[in-house]
Amino acid sequence: MSDPVSLVPPTQPPTLSELERLGNIFVAPSTTFSDIARGRRSWWLPFVVMCLFSYLLFGAITAKIGWQQVAENTLRANPKAMERFEQAPPGTFAQTAKQTAMGIEISFAATPVLMAISYLLIAAVLMGTVNFIFGGKASFADSLAVTVFGYLPSIVKVALGAAVAFFVAPESFNLQNFAPTSVGAFLSPTETSPWLYRLATALDATTIWCMVVLAIGFAVIAKVKRSSCYIAVFGWWAFITVIGVAWAAAMG
């Protein structure tokens, strides 16, 4: 006769609320990703939160720095560009700064669209890497949810950047390193080799945090070793970083 205990279905973990899924990313990310793996693929809340934080930074820069100043700071951070402006007709720098300011402002305003496109691409690339190289079983819906949740720690950098905008001198605000979370934030873009500055900028604490969370998430939904997902996530990050550093070296 069968053991009655063996007939009792296993207890399912309690369903997490949307706020619990959000908060657990910072303290126990695997619980949120396990919830996603059970079929709860909703990712609207972290997406909205990240958009709101981005607009918080947008508002802080608009109020305290000004986009014209941001553009001028960005151009002055490139010594070679400044050499060309010195040889150009009068007014070229001001006109270029105006156009640059408009482009940056439009990019910030289009944050939700740009973020959505980025997350779709990242989810597809990481899903393909984990599934085809490491034998994972992640679906695209799960991968997209993990990707959006995985980038949630980036709001820490954005919040710090908004605070920096209120306290730093406008002429010293650097949009490339708007928060003190990377090695590059403590280096001068005009006194550091372009390739080294690009590498130092890539060594960002919040970026690495996001990469770790992404690896944990893909390990859960793809049912593969966490080490394999670390290789996949950090491998792509390293590849993109090397390309950026090489490009900076070639252009610098």
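Counting other Cβ atoms within 10 Å as a rough exposure proxy, the listed residues THR147, THR15 run THR15, THR147 from fewest neighbours to most. Only lysines eight or more places from LYS157 in sequence, or on another chain, were considered; those with a Cα closer than 19 Å are LYS64. When each of the peptides 216-223, 20-27 is scored by how many other beta carbons lie within 10 Å of its residues on average, the order from highest to lowest is 216-223, 20-27.
The order of GLU18, GLU105, GLU86, going from fewest to most other C-beta atoms within 10 Å of their C-beta, is GLU86, GLU18, GLU105. By other beta-carbon atoms within 10 Å, ranking ARG198, ARG41 with the fewest at the front produces ARG41, ARG198. From helices alone, the chain scores -23000 deg cm²/dmol at 222 nm; the rule is -39500 (n - 2.57) for each run of n ≥ 4 DSSP H residues, then divide by the residue total.
For the range 41-251, the alpha carbon convex hull comes to 117 Å³ per residue, rounded to a whole number. Ellipsoid semi-axes for the range 146-252, based on the Cα gyration tensor and the rule √(5λ), read 28, 19, 8 Å when sorted largest first. A simple spin-label model places the labels of SER42 and SER172 4.5 nm from each other, with each point 7 Å out along Cα-to-Cβ.
Computed from the coordinates by the stated procedures, all read-outs in this text should not be read as laboratory data. Being a predicted model, the structure only gives us computed values, none of them experimental. We place every Cβ from the backbone using ideal geometry, glycine too, and count neighbours over all the protein chains shown.
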